[in-house]
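Participant: Okay, here's the structure, questions in a sec.
The values are calculated or read from the model by the stated rules, or taken from the named source; none is laboratory data. This one's a predicted model, so the numbers in the text were calculated from it and none came from an experiment. All Cβ positions, glycine included, derive from the backbone under ideal geometry; neighbour counts span all protein chains shown.
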Amino acid sequence: MKHFLKETDFTRQQVSEVFALARELKAQRGRKTSQVLAQQTWAMIFSKSSTRTRVSFEVGIHELGGNPLFLNKNDIQLGRGETIEDTAKVLSRFVHGLVVRTYEHSELERLAAAGSVPVINALTDFLHPCQIYTDAFTAAERWAGAGGDLLASLQGRKIAFLGDTACNMANSWILGANHFGMKISLSGPEGYAPGAEIDALLSQEGFAGGYHFTHDPFEAVKDADIVYTDVWVSMGKEEESKERIRLMAPYSVTGKVFAAAKPDALFMHCLPAHEGEEVTQEVLDHPRCVIFDEAENRLHVQKAIVATLVARS
Ligand code: CP
Ligand code: NVA
């Protein structure tokens, strides 16, 4: 069974194919397109809030001819203590795939191991691979030009990640950058450097030491092609809000910080954004801010991910 739980679950060759298919699906939107999910139902189990991920998967599954079935964790017996394993086995008898947003990454791995249908990571506390594939595609669309090789256009490019450098987006970008042939520099406060879990995964994937970390945001953004940030208070961390906002304030992406990157650098953010915290309005309004292209591309890239998984199953 093939799953998409982390960035490296597709080989580089498959990443190339996913990007190429996403470009094709984007160009075809609104016209008759691939119906690879005809007669299929995909369940979407969400334990956390979502705007982009939920809507782009529901619309995407529908556009591929399938039926998306949204299940809030608290509306099913999983929320009352039914085991992950039993849930996976039961759902596998009904549906053709699972899209899952949860807290512990291990819960996702247990679902994938116990079930018999493909599982897609729609965000865990550890990784958010659908977002990283989309972000990389969004930059590559600009850099590769029409018909150019999307994955190759990322080779050697530098991303700077500022703020909460221990969050799921930072982890996923560390793994994704290494897999896509990019360089990554991260900058955040004391106590929020990338942790042991991502270091262990990097070693396992053959990318040990594949990032640079500094407490100086200007050092991180120097020569960067992408300046990236995420909320300082991820879902589940609300009790730490005050302390996080205090510690991360020096890592806000201001106009001055963005101007210290390459002159043609892109500003990216997975959204939702908190203007005045991790990014200023000046940067959100900047012509090189591509946040809504990233949001739209979730649809095209995830359709390509689903179609690729189905073809491999
Ligand atoms: N970027 C992202 O995953 O957004 P949602 O939380 O709205 O799905
Ligand atoms: N780090 C954020 C990402 C939201 C898409 C969170 O986990 O809440």
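Participant: For the stretch 202-221, how many residues meet the condition of being over 18 Å from Asp164 (Cβ atoms) and in contact (Cβ under 8 Å) with a residue 60 or more places away in the chain?
Facilitator: The total comes to 1.
Participant: Right, next: Among the residues of the stretch 138-153, are any in contact (Cβ under 8 Å) with a residue 60 or more places away in the chain, touching a His at 6+ places or on another chain (Cβ under 9 Å) and more than 19 Å from Ile291 (Cα to Cα)?
Facilitator: There is no residue in the stretch 138-153 that is in contact (Cβ under 8 Å) with a residue 60 or more places away in the chain, touching a His at 6+ places or on another chain (Cβ under 9 Å) and more than 19 Å from Ile291 (Cα to Cα).
Participant: Would you please name the residue that is surrounded by the fewest Cβ atoms within 10 Å (Cβ to Cβ), looking only at residues in the stretch 2-19 that are of a type outside the set (A, V, I, L, M, F, W, C) and not in a loop (DSSP other than H, G, I, E, B)?
Facilitator: Taking the stretch 2-19 and keeping what is of a type outside the set (A, V, I, L, M, F, W, C), we get 2-3, 6-9, 11-14, 16-17.
Next, from what is left, pick out any that are not in a loop (DSSP other than H, G, I, E, B): 7-9, 12-14, 16-17.
On the way: Glu7: 27, Thr8: 19, Asp9: 17, Arg12: 12, Gln13: 9, Gln14: 15, Ser16: 15, Glu17: 17.
Within the stretch 2-19, the match that is surrounded by the fewest Cβ atoms within 10 Å (Cβ to Cβ) is Gln13.
Participant: All but one of (1) away from ligand 1 (no atom under 16 Å from the Cβ); (2) part of a helix (DSSP H, G or I); (3) surrounded by fewer than 17 Cβ atoms within 10 Å (Cβ to Cβ) hold for Ala22; state the number of the condition that does not hold.
Facilitator: Going through the list (1) away from ligand 1 (no atom under 16 Å from the Cβ); (2) part of a helix (DSSP H, G or I); (3) surrounded by fewer than 17 Cβ atoms within 10 Å (Cβ to Cβ), Ala22 breaks only (3).
Participant: Looking only at the stretch 48-82, which residues are in a loop (DSSP other than H, G, I, E, B) and more than 28 Å from Val301 (Cα to Cα)? Break it down stepwise before answering.
Facilitator: Taking the stretch 48-82 as the starting set, the residues that turn out to be in a loop (DSSP other than H, G, I, E, B) are 48-51, 64-66, 76, 81-82.
Hits for the stretch 48-82 are Ile76, Gly81, Glu82.
Participant: While we're here: Please enumerate the residues belonging to the stretch 227-246 that are away from ligand 1 (no atom under 16 Å from the Cβ) and either in a loop (DSSP other than H, G, I, E, B) or in contact with a strand residue (DSSP E or B) (Cβ under 9 Å, 6 or more places away or on another chain) (or both). Give the steps one after another, and end with the answer.
Facilitator: If we filter the stretch 227-246 for residues that are away from ligand 1 (no atom under 16 Å from the Cβ), which is where we start, we get 227, 239-246.
Within the stretch 227-246, just Val227 meets the criteria.
Participant: His3 fails exactly one of the following numbered conditions: (1) out of contact with any Ser or Thr (no Cβ under 7 Å at 6 or more places or on another chain); (2) within 16 Å of ligand 2 (Cβ to nearest atom); (3) in contact (Cβ under 8 Å) with a residue 60 or more places away in the chain. What is the number of that condition?
Facilitator: (2)
Participant: Being of a type in the set (A, V, I, L, M), surrounded by 15 or more Cβ atoms within 10 Å (Cβ to Cβ) and not in a loop (DSSP other than H, G, I, E, B) narrows it down to one of Ala261, Ala273, Ala295, Ala249, so name that one. I'd like the intermediate steps shown before the answer.
Facilitator: Working: Ala261 fails: not in a loop (DSSP other than H, G, I, E, B); Ala273 fails: not in a loop (DSSP other than H, G, I, E, B); Ala249 fails: surrounded by 15 or more Cβ atoms within 10 Å (Cβ to Cβ).
From the options Ala261, Ala273, Ala295, Ala249, the qualifying one is Ala295.
Participant: Also: Looking only at the stretch 179-197, how many residues end up being out of contact with any Ser or Thr (no Cβ under 8 Å at 6 or more places or on another chain) and crowded, with 22+ Cβ neighbours inside 10 Å? Steps first, answer last, please.
Facilitator: The first filter runs over the stretch 179-197 and keeps only residues out of contact with any Ser or Thr (no Cβ under 8 Å at 6 or more places or on another chain), leaving 180-184, 189-191, 195-197.
Right, trim to crowded, with 22+ Cβ neighbours inside 10 Å and you get 180, 184.
Here the count works out to 2.
Participant: Quickly run through the stretch 166-188 and pick out the residues that are in contact with a Pro (Cβ under 7 Å, 6 or more places away or on another chain), farther than 12 Å from Pro129 by Cα and in contact (Cβ under 8 Å) with a residue 60 or more places away in the chain.
Facilitator: Ser187
Participant: Considering only residues that are in a strand (DSSP E or B) and either within 22 Å of Asp293 (Cβ to Cβ) or within 16 Å of ligand 2 (Cβ to nearest atom) (or both), which ones fall in the stretch 94-135? Let's see the steps before the verdict.
Facilitator: Within the stretch 94-135, the first condition is being in a strand (DSSP E or B), and the residues that meet it are 97-101, 119-121.
Val99, Val100, Arg101, Ile120, Asn121, listed by residue number.
Participant: Only one of (1) touching a Phe, Trp or Tyr at 6+ places or on another chain (Cβ under 6 Å); (2) within 16 Å of ligand 1 (Cβ to nearest atom) is not met by Leu123, so which one is it?
Facilitator: It is condition (1) that Leu123 fails.
Participant: Which one of the conditions (1) of a type in the set (Gly, Ala, Ser); (2) buried (at least 24 other Cβ atoms within 10 Å of the Cβ); (3) farther than 17 Å from Val15 by Cα does Ala200 fail to meet, given that it meets all the rest?
Facilitator: Of (1) of a type in the set (Gly, Ala, Ser); (2) buried (at least 24 other Cβ atoms within 10 Å of the Cβ); (3) farther than 17 Å from Val15 by Cα, only one is false for Ala200: (2).
Participant: What's the total number of residues in the stretch 172-186 that are touching a His at 6+ places or on another chain (Cβ under 6 Å) and assigned to a helix (DSSP H, G or I)? First the steps, then the outcome.
Facilitator: In the first step, residues of the stretch 172-186 are kept if they are touching a His at 6+ places or on another chain (Cβ under 6 Å); the result is 172, 185.
So of that shortlist, the ones also assigned to a helix (DSSP H, G or I) come out as 172.
Result for the stretch 172-186: 1.
Participant: Additional query: Look at Asp164 and say whether it is over 12 Å from the mean Cα position of the chain (by Cα), part of a loop (DSSP other than H, G, I, E, B), among the acidic types (Asp, Glu) and closer than 24 Å to His274 by Cβ.
Facilitator: Details: over 12 Å from the mean Cα position of the chain (by Cα): yes; part of a loop (DSSP other than H, G, I, E, B): yes; among the acidic types (Asp, Glu): yes; closer than 24 Å to His274 by Cβ: yes.
Answer is yes for this residue.
Participant: Please identify the pairs in which a residue from the stretch 269-280 that is under 19 Å from Leu247 (Cβ atoms) and within 13 Å of ligand 2 (Cβ to nearest atom) has its Cβ atom under 8 Å from the Cβ atom of a residue that is at pLDDT 95 or above and of a type in the set (Ser, Thr, Tyr), counting only partners at least 6 apart or on another chain.
Facilitator: That search, which allows pairs on different chains as well, returns Glu277/Ser252; Glu278/Thr229; Glu278/Tyr251; Glu278/Ser252.
Participant: Here's something else I'd like to know. Restricting attention to the stretch 78-93, which residues are loosely packed, with under 13 Cβ neighbours inside 10 Å and among the polar types (S, T, N, Q)?
Facilitator: First, pick out the residues of the stretch 78-93 that are loosely packed, with under 13 Cβ neighbours inside 10 Å: 80-83, 86, 93.
Within the stretch 78-93, Thr83 is the sole residue that qualifies.
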